[in-house]
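The values are calculated or read from the model by the stated rules, or taken from the named source; none is laboratory data. All of these numbers come straight from a predicted model, not from anything done at the bench. Because the Cβ atoms are built from the backbone with ideal geometry, glycine has one as well, and the counts that use them run over all protein chains shown.
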Amino acid sequence: MRCPYCGADNTRVIESRPGEDGTTIRRRRECIHEACGRRFTTYERVEQRPLMVVKKDQKREEFSRDKLYRGIMKACEKRPIAAETLEAVCDEIERKLRLEYEREVPSSVIGERVMEALRELDGVAYVRFASVYREFRDVETLLKEVLALIGEGARAVDRIPRPDKPSEE
């Protein structure tokens with residue numbers, strides 16, 4: 001394997017151990033080039049069969065774990081959530097998708113899985129993702145989602161006075 005620091009072609013494995021989820025192997029490597037000698041970590045995982053995502057317009061594209069991670073990371077931006085937690089969420093979503101769908105998965109299923117995971121992980125991240133995924137058009141729709149999230153139910157929105165409607169009292 002090529003050293004990421006000096007570009008030398010040869011490195012040696014110092015240590016190997018299975019990853020926490022059992023699907024990866026973590027390897028510590030050392031560059032054997034005299035002038036470098038730096039150490040770095042690599043991860044090895046089984047090459048997965050291609051899983052195609054069927055978009056709303058019926059176009060297909062290969063499932064991208066990076067795209068999944070970026071979407072989740074964007075929703076969790078500036079939230080107190082560790083990168084390792086986001087990786088674990090992505091791993092779990094991908095694992096379940098590959099178990100349930102052999103060749104193709106609708107993009108709507110992926111979006112719903114992300115929303116389920118974020119709902120459990122962080123309410124703010126969930127609302128951020130939902131506002132984009134469900135294409136909220138107004139504050140009222142957003143408010144209904146927030147109230148449903150905190151357990152008051154969407155009916156509470158009807159009790160909130162709106163400036164454009166006179167009070168019925």
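For this structure, a couple of remarks:
- Within segment 8-33, considering residues that are among the small types (Gly, Ala, Ser) and either within 26 Å of residue 95 (Cβ to Cβ) or in contact with a helix residue (DSSP H, G or I) (Cβ under 9 Å, 6 or more places away or on another chain) (or both), the one modelled with the highest pLDDT: 16
- On inspection, residue 84 passes the criterion of being exposed (fewer than 10 other Cβ atoms within 10 Å of the Cβ), not in a loop (DSSP other than H, G, I, E, B) and not small (Gly, Ala, Ser).
- In segment 87-105, the residues that are exposed (fewer than 14 other Cβ atoms within 10 Å of the Cβ) and either hydroxyl-bearing (Ser, Thr, Tyr) or under 20 Å from residue 56 (Cα atoms) (or both): 100, 102, 103, 104
- Residue check for residue 77: closer than 18 Å to residue 132 by Cβ and either loosely packed, with under 14 Cβ neighbours inside 10 Å or modelled with pLDDT under 95 (or both): yes
- Some residue of segment 64-76 being over 12 Å from the mean Cα position of the chain (by Cα) and acidic (Asp, Glu): no
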